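The values are calculated or read from the model by the stated rules, or taken from the named source; none is laboratory data. Keep in mind that what you see is a predicted model, and the values were worked out from it rather than measured. Cβ atoms come from the backbone with ideal geometry, glycine included; neighbour counts cover every protein chain shown.
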Amino acid sequence: MTQAKRIVAIIVAAGTGVRAGGSVPKQFALIAGRPMIAYSYEAFNTHPAIAETIVVLADGQQGLAIAALGTAPIVVGGTTRRESVTNGLAAIGDATHVLIHDAARPFLSHAVIDSLVAALKTRDAAIPVLPVTDTLARGNVLLGDIVSRADLNRVQTPQAFAVEALRAAHAVWPADEEATDDAQMVRRLGVGVALVQGSAMLEKVTHPEDFAAAEARVAYETRTAIGFDVHRLETGEELWLAGVLIPHDKGLSGHSDADVALHALTDALLGTIAAGDIGTHFPPSDPQWKGADSAQFLQHAAKLIADKRGRIDFVDLTIMCEAPKIGPHRAAMTARIADLLGLTVDRVSVKATTTERLGFTGRGEGIAAQAVATVRVPGSPL
């Protein structure tokens with residue numbers, strides 16, 4: 001009876017990343033607010049053909065891995081990449097096939113995994129490659145002969161293998177010789193290695209300047225949402241608008257400080273990540289929010305966006321009332337909102353309008369506010 005295919009991925013991440021600089025090994029450095037290793041781990045973990053994803057780390061990096069990945073299966077690597085792969089292979093159980101990937105290539109797509117899995121149906125080894133497009137020449141100080149690039153390829157990871165073939169290659173490899181990658185090891189054993197289409201997104205992150213290029217590869221989607229709120233004006237209440245206390249003979253009535261402007265902004269921000277509305281997070285029936293500073297509502301919404309690695313690009317607020325006049329307080333309101341959201345003031349717009357004495361705002365019974373927020377949220381590279 002033929003054994004059912006079981007494919008396991010191994011992410012090799014046992015290096016110290018010294019060439020990349022930084023306070024943590026490069027595989028845990030942030031790209032668009034997310035640890036680099038988390039991108040490829042998610043790509044494997046969400047692919048239906050991959051049964052398990054194992055991460056090989058240097059001893060002492062387990063805490064960083066838990067913070068970045070949660071409860072990922074972790075194996076301690078060796079002093080060389082070859083030893084780390086060997087340790088990973090010892091942990092894959094009854095897997096029939098394995099994909100070996102470098103954590104320094106974060107933007108792995110499901111399309112590349114699909115191509116490798118398809119190749120494994122007829123081959124014992126397959127790797128993704130890109131053709132060399134630059135002119136190649138020999139030489140050191142002076143230009144030498146041009147090297148034909150007709151049959152040259154740039155080799156990438158993940159590299160896919162039948163487990164038996166890869167284990168056999170590791171078993172006979174000389175202990176005093178290092179391999180550039182696993183594909184060369186199985187090739188020396190006589191195994192034919194199939195070539196599949198690689199991806200420009202799989203560029204390796206090695207040096208500090210590579211992180212800026214990696215950031216630029218993250219695909220962000222822009223989202224815009226609207227928030228609206230209204231509160232009644234009553235004698236004896238303080239008037240808080242956009243986080244600023246406004247001198248007035250009446251104030252807004254509500255369960256919190258009734259800052260209608262910050263409430264509208266909060267709802268707009270929550271809308272960009274489909275996180276409900278202000279009442280979902282701060283129910284008016286809950287006594288702990290009675291008289292609460294609405295600034296904390298706005299900052300809560302901003303944190304939820306940050307937790308999704310989103311970026312607030314711009315907020316626009318329109319306050320609708322007959323009185324008080326907003327103009328004299330606009331600069332203070334703009335500065336306060338910018339401070340609460342960590343934005344520059346040129347990314348905050350505060351406007352005011354009347355309703356030509358029509359409706360409840362026109363009669364001075366209340367104040368309304370409408371807000372629009374624009375954010376960017378990282379999309380999936382899958």
Study note, to complete from the structure: residue 207 fails exactly one of (1) surrounded by fewer than 18 Cβ atoms within 10 Å (Cβ to Cβ); (2) within 22 Å of the chain's Cα centre (by Cα); (3) assigned by TED's automatic domain parsing to the domain that holds residue 288, namely (3)
Point to revise | Residues located in the range 59-108, provided they are free of Cβ contacts under 8 Å to residues at least 60 places away in the same chain, more than 19 Å from residue 178 (Cα to Cα) and among the charged types (D, E, K, R) | key: 59
**Study point:** Test for residue 227: is it more than 30 Å from residue 36 (Cα to Cα), assigned by TED's automatic domain parsing to the domain that holds residue 11 and among the small types (Gly, Ala, Ser)
**Key:** no
Exercise for review: Run residue 87 past the list (1) more than 29 Å from residue 175 (Cα to Cα); (2) polar (S, T, N, Q); (3) not in a loop (DSSP other than H, G, I, E, B) and report the number of the one that doesn't hold.
Suggested key: (1)
Check your understanding: Within the range 65-114, how many residues are of a type in the set (Ser, Thr, Tyr) and touching a Ser or Thr at 6+ places or on another chain (Cβ under 8 Å)?
Key -> 1
Point to revise | Residue in the range 152-169 that is of a type outside the set (Ser, Thr, Tyr) and more than 30 Å from residue 95 (Cβ to Cβ) present | key: yes
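Okay, residues lined up against (1) at pLDDT 95 or above; (2) in a helix (DSSP H, G or I); (3) surrounded by fewer than 14 Cβ atoms within 10 Å (Cβ to Cβ):
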| residue | (1), (2), (3) |
| --- | --- |
| 212 | no, yes, yes |
| 228 | yes, no, no |
| 248 | no, no, no |
| 251 | no, no, no |
| 257 | no, no, no |
| 262 | yes, yes, no |
| 266 | yes, yes, no |
Check your understanding: In this structure, is residue 355 assigned to a loop (DSSP other than H, G, I, E, B), of a type in the set (S, T, N, Q) and touching a strand residue (DSSP E or B) at 6+ places or on another chain (Cβ under 9 Å)?
Key -> yes
Practice item. Would you mind finding the one in 373, 332, 338, 369 that is under 21 Å from residue 273 (Cα atoms), surrounded by fewer than 20 Cβ atoms within 10 Å (Cβ to Cβ) and within 34 Å of the chain's Cα centre (by Cα)? Key: 338
Practice item. Please go through the range 288-335 and pick out each residue that is closer than 20 Å to residue 353 by Cα and either part of a helix (DSSP H, G or I) or outside the structural domain of residue 360 (by TED's automatic domain parsing) (or both). Key: 327, 328, 329, 330, 331, 332, 333, 334, 335
Review point. Only one of 104, 111, 51 is in contact with a Lys or Arg (Cβ under 8 Å, 6 or more places away or on another chain), outside any strand (DSSP E or B) and within 17 Å of residue 158 (Cβ to Cβ); which?
Key: 104
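Residue by residue, here is whether (1) of a type outside the set (Val, Ile, Thr); (2) in a loop (DSSP other than H, G, I, E, B); (3) surrounded by fewer than 17 Cβ atoms within 10 Å (Cβ to Cβ); (4) over 34 Å from the mean Cα position of the chain (by Cα) holds:
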| site | (1), (2), (3), (4) |
| --- | --- |
| 82 | yes, no, no, no |
| 95 | yes, yes, no, no |
| 121 | yes, yes, yes, no |
| 128 | yes, no, no, no |
| 141 | no, yes, yes, yes |
| 150 | yes, yes, yes, yes |
| 161 | yes, no, no, no |
| 175 | yes, yes, yes, yes |
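Here are some residues: 135, 157. Which one is touching a residue at least 12 places away in the same chain (Cβ under 8 Å), farther than 26 Å from residue 46 by Cα, assigned by TED's automatic domain parsing to the domain that holds residue 57 and among the hydroxyl-bearing types (Ser, Thr, Tyr)?
135
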